[in-house]
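Working notes, beginning with the structure itself.
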Amino acid sequence: MKRTIPIIIAAVAGLVMVVAFFVPPLIDWRETAEEWFNILAAVAMILGGASILAMHLRRISDQKRGWGFSLVTLIAFAITLSVGLFKVGVPPMAEYPDRPWTGEYITHGAPLWWIFQYLIVPITATMFSLLAFFVASAAFRAFRAKNAEAVLLLGTAFIVLLGRSYAGTLLTGWVPESYAALTLPGMTDTIMGVFNTAGQRAIMIGIALGIASTSLKILLGIDRSYLGNRH
Amino acid sequence: MVKRWKSVTAAGGRGRLTGGRGEPAMGSWGTPGLVAWVQGFPVVGQLVLLVVLGVMAQPLWGAPASPRGLRARDVRNDAGRALTLDWQLSPDDDVRLDPPRVAGYRLYRAEVTPEERPRFERIRDEQDLPPQVDEVVDEGLTPHQPYLYRLVAVDAEGRESAAAELDQPVRPEVWYFDRNKRWFLAITLLISAGILFFIRQARRGVELKIRKIAGLEAVDEAVGRATEMGRSMLFVPGIQDMNNIQTVAGITVLARIGRLTAEYDARIEVPTSRSLVMTTARETLESSYLAAGRPDAYHEDMSYYITDEQFGYVAYLTGYMVREKPAACFFLGAFFAESLILAETGNSIGAIQIAGTAEPAQLPFFVAACDYTLIGEEFFAASAYLSGEPEQLGTLKGQDVGKLLGGLLIAVGCLLFTYAHGADSPAAQRAVNYLRFQVLGTEDIPEEILEPGE
Amino acid sequence: MNRAKLAPPLIGGLLLVVLGSWILVSTLVRHRFPGAQYRQQIGTIDVFDAEGVSWSEEDQLWVLEVDAAITSVWDAERRQWVLEVDEAAIAAVWDAERRQWVPPQRDPETGTLVPSEEPAVREAPLPDRVWQRQRGAAAAQAGEPDVHFCWSQTVGVWIAALLTLCVFSFLYQDNPFYKLAESLVVGVSAAYLMVVGFWTMVVPNLIGKLWPDFVARHVIPEHREPAQAIYYVVLVLSLMLLWRLSPRGGWIARWPLAFVIGITAGFRLIAHLEADFAIQIQATILPLIVRENGTYNLWFALRNTAIVFSVFACLTYFFFSIEHTGLVGRMARLGIGVLMITFGAGFAYTVMGRITLLTQRLEFLLGDWLRLIG
């Protein structure tokens, strides 16, 4: 019961999705299923919240090293959640000033907006921008290439980088028109149009087959590792 | 800001150029004095005057000529909710005219029921179709319900032409099988059959050989090293939710790694960026520990939720990596821009790193910074490979059948295409187009594509 | 990564000194300190940034717009019909005296919009509080009437700038400042996305489908959907999922999980076979001899041949059944080569975009905060 029913649920739900693709009157079910998933994912956030509480409360009560930071997380979490769920400082919609809950939850100037604008955006955007440094260090590592494959990767990257910039046009501008394919922009064009296209296609075809087999294993109940093995 | 005032008063907020079903305008001729003057003529004279005036005034205030030949047909391969209508343009719908005589077309629809006379109602949300349009798909209909249509041309003043009508009601039919997808169904069944065939072979005990996949051979080594060093392992199932099959594939690999971890008595942590992934990871790990015979060693905190925010999650992971210095990092799932930050940080702390994803744009970064990278299909093969179960390995053989099928299609297609080009053969060109657009496509294809060179 | 031990603290200290002096100088000399934010009060009204409400400079009143209308208009010059989007179809204007939204009319003398005497568009009682309508103002506008110093946003910019520096400090090594930023963002963003999920998914798509009247009355006035009983299934699945929180019977959560995973498997099986298998093969079917206007184009023939051959080589690499030895091995090696070129190209394509991200952050620090640029 604990194992069999979930497997039947997965199989039926999956097969319905497959059949719905070929049967026009059912095609909308695929969208509905996506929506249902999104609802479940949103509800599941309660579990996520419980996990956050449990983890950090334990760290604080155990006075583990760095428990102060757990306190910061918990306080930030609690304040944001209450400000957002109760729409603190959010005015109602213009046409319905008598209905206090009708305002947009993230109205400009409201506390949740402030939190988003001045806490979330700067930290996440800066995290994202760190990539510029990581790209540099990864390129440097690849530069000390140990094998032919790494040389190929880096060489291509180098050509494409130059070929797409003004430097590429400048460096190989003297090459006569009839040999345009040998200029850096010309080589970039060939790399993108031939090898990159071919590589991407082969990867995609492989991925499709991998996904087909992964999905089939789930639908047939062969891979039930997410529910535990049969051993 | 305030651009159009008139439209507000005219139509109560919904701007509309035309003013409803206007009767042909009569101008300001109808003054009593004029009528009396005309009435002074003999009857025949009155009639002649009327005809002459009418003919002269026609271009000035008459309604445009009507469109002709209105036809309706069922939209194929749909759920019976649409009809296609086409017609010949009104002779007055001429782009060379200035000002133009036709401002658009207005479509009326009536449901045909045995009980009452059909009542025509204007459709398309009170918006007229633009001029020079001679086909429209009317959507949102009731399956099997007969409909009648009436089409008029309207001019800028909203005067309607005489109507073009259907002589027979049409019904949108429900198609219970999308015929455009028949070849795709065949391909899907063939690939599935290939996979199923090898699963059966494996169950019968036929030995299946699979080549070594270096990244997966290294999993054992990674877990072993973490145990030796007494350090933890980090498993990152990507940043997407369970509706991404890559996350599902990552979790199935986690089941194998979890089992190894339990057997070696190593430590594993699975921070997730989605609550559902956390829940699934917990179920999976619990089962793995149970399968390894060590249910007591499992505890829920092995998998925990961080945040749905992509870079908030990354901030936590990088901090965790430099502080806890896990001996092995597994990045298996759907990754985006964060791939490089994670892999580089892992690299800097000297962890063994095994990555796998089907995001082509992120593979370069994993390849550059990880020890082993499972590229696309290899990632999906990981769960089967690590399980070592014969029937799971059978699915890998089945995937190879799919690749053979793909290769065959490409080879046949290319040869046909080459022949069509080289020998200038329309028949070969037709065959190529059929293969490309009918066999390998699922959309409705216009006839022209299948009948080239005409 | 090797780092000289002394250099970073030295550079950091130097930066701090420069920064400190800059703040001191600009506060003393220019009466404006970095990061100061201003706001301009542009009217008082019972609404604040509401959908469809805007201030009409021309008419000097608040207008309520409704959905845009599209009309076709004859363009005599271009001799063709053009679609004109009527962006501002005004439904009502705010009557400051009656404190109601009323239909507008034109003032016959000035031609501007004025409130009419007609009854209110919507019978809304007077709101119990008044919202000030404001917009951000540039620092250069400081001192102008209605432009005020804005504490909350100034503090915000300072905090944002300091947090940005905290994250950058991670490049040197892990430190308490980074830990602070990290623990803050984890807590805040998790809660923020829960709030988003609640208001954009749970309320309209679950509660709104089960009890539409309630949602329409209190939260989303435009919510016009009939109740759909099938959504009780989703409700039950949700509750099963939450059963995980109870100490016993957590296995019941596997049912919704199995549902989710089954849906994903079925959905993706088809989606990827269609988009990634069929469509990619379709695109790879190319003529190996290309004839244009009766002559052979060698270059295109070469390109096409290279594409097809490369795809075959890569597919050989992915083949699981045969060991990579002999002819297959050589083909697979070629395949790896093609993949590496693909990855190299991908690498290069991403590099430029990443540098832009960094410059954006620096622009924030130097412009919005320190006001050294812009």
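Screening the candidates C:Ile252, C:Ile261, C:Ile336, C:Ile270 for the property of being open to solvent by 10 Å² or more (accessible area, probe 1.4 Å), at the interface with chain A (Cβ under 7 Å from one of its Cβ atoms) and touching a helix residue (DSSP H, G or I) at 6+ places or on another chain (Cβ under 7 Å) yields one hit, C:Ile336.
A:Ile123 - would you say it is among the β-branched types (Val, Ile, Thr), crowded, with 22+ Cβ neighbours inside 10 Å and in the same structural domain as A:Pro91 (by TED's automatic domain parsing)? Show your work before the answer.
Numbers: among the β-branched types (Val, Ile, Thr): yes; crowded, with 22+ Cβ neighbours inside 10 Å: yes; in the same structural domain as A:Pro91 (by TED's automatic domain parsing): yes.
Criteria met by A:Ile123.
Please work out if A:Ala181 is of a type in the set (Gly, Ala, Ser) and either assigned by TED's automatic domain parsing to the domain that holds A:Ile106 or more than 20 Å from C:Ala345 (Cα to Cα) (or both).
The answer is no for A:Ala181.
Scanning the range B:343-362 for residues that are open to solvent by less than 10 Å² (accessible area, probe 1.4 Å) and polar (S, T, N, Q) returns B:Thr345, B:Gln353, B:Thr357.
Anything in the range B:75-106 that is part of a loop (DSSP other than H, G, I, E, B) and within 14 Å of chain A (Cβ to nearest Cβ)? List them, or say none.
Our first condition is that a residue be part of a loop (DSSP other than H, G, I, E, B); within the range B:75-106, this holds for B:75-78, B:80-81, B:89-103.
Result: B:Val75, B:Arg76, B:Asn77, B:Asp78, B:Gly80, B:Arg81.
A residue that is in a helix (DSSP H, G or I), in contact (Cβ under 8 Å) with a residue 60 or more places away in the chain and surrounded by fewer than 24 Cβ atoms within 10 Å (Cβ to Cβ) cannot be found anywhere in the range B:327-339. Suppose the filter is at pLDDT 95 or above, open to solvent by 10 Å² or more (accessible area, probe 1.4 Å), more than 8 Å from chain A (Cβ to nearest Cβ) and out of contact with any Lys or Arg (no Cβ under 7 Å at 6 or more places or on another chain); does B:Tyr320 pass it? In short, yes. Could you list all residues from the range B:330-362 that are within 9 Å of chain A (Cβ to nearest Cβ), aliphatic (A, V, I, L, M) and in contact with a helix residue (DSSP H, G or I) (Cβ under 6 Å, 6 or more places away or on another chain)? Matches in the range B:330-362: B:Leu340, B:Ile341, B:Ala343, B:Ala358. Of all residue pairs spaced 6 or more apart or on separate chains, those with beta-carbon atoms under 7 Å, a first member in the range B:400-420 that is more than 7 Å from chain C (Cβ to nearest Cβ) and a second member that is open to solvent by 50 Å² or more (accessible area, probe 1.4 Å) are B:Leu405/B:Leu190.
On the stretch given as the range C:227-241, residues that are assigned to a loop (DSSP other than H, G, I, E, B) and either surrounded by fewer than 12 Cβ atoms within 10 Å (Cβ to Cβ) or of a type outside the set (S, T, N, Q) (or both) total 3. In summary, A:Ala78 fulfils each of the numbered conditions (1) within 7 Å of another protein chain (Cβ to nearest Cβ); (2) within 15 Å of C:Tyr192 (Cβ to Cβ); (3) outside any loop (DSSP other than H, G, I, E, B) with the single exception of condition (1). Within the range B:203-218, how many residues turn out to be over 37 Å from the mean Cα position of the chain (by Cα), of a type in the set (A, V, I, L, M, F, W, C) and assigned to a helix (DSSP H, G or I)? Residues that pass the stated criteria total 1. Determine, yes or no, whether B:Ala110 is surrounded by 15 or more Cβ atoms within 10 Å (Cβ to Cβ), among the hydrophobic types (A, V, I, L, M, F, W, C), assigned to a strand (DSSP E or B) and touching a Ser or Thr at 6+ places or on another chain (Cβ under 7 Å). Answer is no for this residue.
With the structure loaded, tell me whether A:Ser215 is open to solvent by 20 Å² or more (accessible area, probe 1.4 Å), of a type in the set (S, T, N, Q), assigned to a helix (DSSP H, G or I) and within 7 Å of another protein chain (Cβ to nearest Cβ) or whether it fails that test. Spell out how you get there, then give the answer.
On the way: open to solvent by 20 Å² or more (accessible area, probe 1.4 Å): no; of a type in the set (S, T, N, Q): yes; assigned to a helix (DSSP H, G or I): yes; within 7 Å of another protein chain (Cβ to nearest Cβ): yes.
Criteria not met by A:Ser215.
Residues that are under 29 Å from C:Phe259 (Cα atoms), of a type in the set (Gly, Ala, Ser) and within 23 Å of the chain's Cα centre (by Cα) do occur in the range C:193-206, at least one of them. If you go through the range B:421-436 and keep only what is surrounded by fewer than 17 Cβ atoms within 10 Å (Cβ to Cβ) and at the interface with chain C (Cβ under 9 Å from one of its Cβ atoms), you end up with B:Gly422, B:Asp424. Checking each residue in the range B:208-224 for being within 12 Å of another protein chain (Cβ to nearest Cβ), out of contact with any helix residue (DSSP H, G or I) (no Cβ under 8 Å at 6 or more places or on another chain) and not small (Gly, Ala, Ser) picks out B:Lys209, B:Arg211, B:Lys212. If you take the residues in the range C:175-197 that are more than 8 Å from chain A (Cβ to nearest Cβ) and open to solvent by less than 40 Å² (accessible area, probe 1.4 Å), which one is modelled with the highest pLDDT? Looking at the filtered set, the residue picked out is C:Tyr178. Take the residues in the range B:363-387 that are at the interface with chain A (Cβ under 7 Å from one of its Cβ atoms) and over 20 Å from A:Ile205 (Cα atoms), then tell me which one is most open to solvent (accessible area, probe 1.4 Å). Here the answer is B:Ala368.
Would you confirm whether any residue within the range B:120-134 is open to solvent by 50 Å² or more (accessible area, probe 1.4 Å) and of a type in the set (Phe, Trp, Tyr)? No: the range B:120-134 contains no residue that is open to solvent by 50 Å² or more (accessible area, probe 1.4 Å) and of a type in the set (Phe, Trp, Tyr). Counting the residues of the range B:152-184 that are open to solvent by 60 Å² or more (accessible area, probe 1.4 Å) and more than 36 Å from the chain's Cα centre (by Cα) gives 3. Restricted to the range A:131-181, and to residues there that are polar (S, T, N, Q) and under 27 Å from the mean Cα position of the chain (by Cα), the residue that is nearest to the other protein chains (Cβ to nearest Cβ) is A:Thr156.
Residues that are closer than 21 Å to A:Asn38 by Cβ, assigned by TED's automatic domain parsing to the domain that holds B:Gly376, part of a loop (DSSP other than H, G, I, E, B) and β-branched (Val, Ile, Thr) are absent from the range B:247-259 altogether.
One residue is enough: does the range B:123-141 have a residue meeting the conditions β-branched (Val, Ile, Thr) and part of a strand (DSSP E or B)?
yes
The values are calculated or read from the model by the stated rules, or taken from the named source; none is laboratory data. These numbers were taken from a predicted model, which means no experiment stands behind them. Backbone-built Cβ (ideal geometry, glycine too); neighbour counts: all protein chains shown. Areas reflect the complete protein model, heavy atoms only, side chains present, ligands, DNA and RNA absent. Shrake-Rupley method; radii C 1.70, N 1.55, O 1.52, S 1.80 Å.
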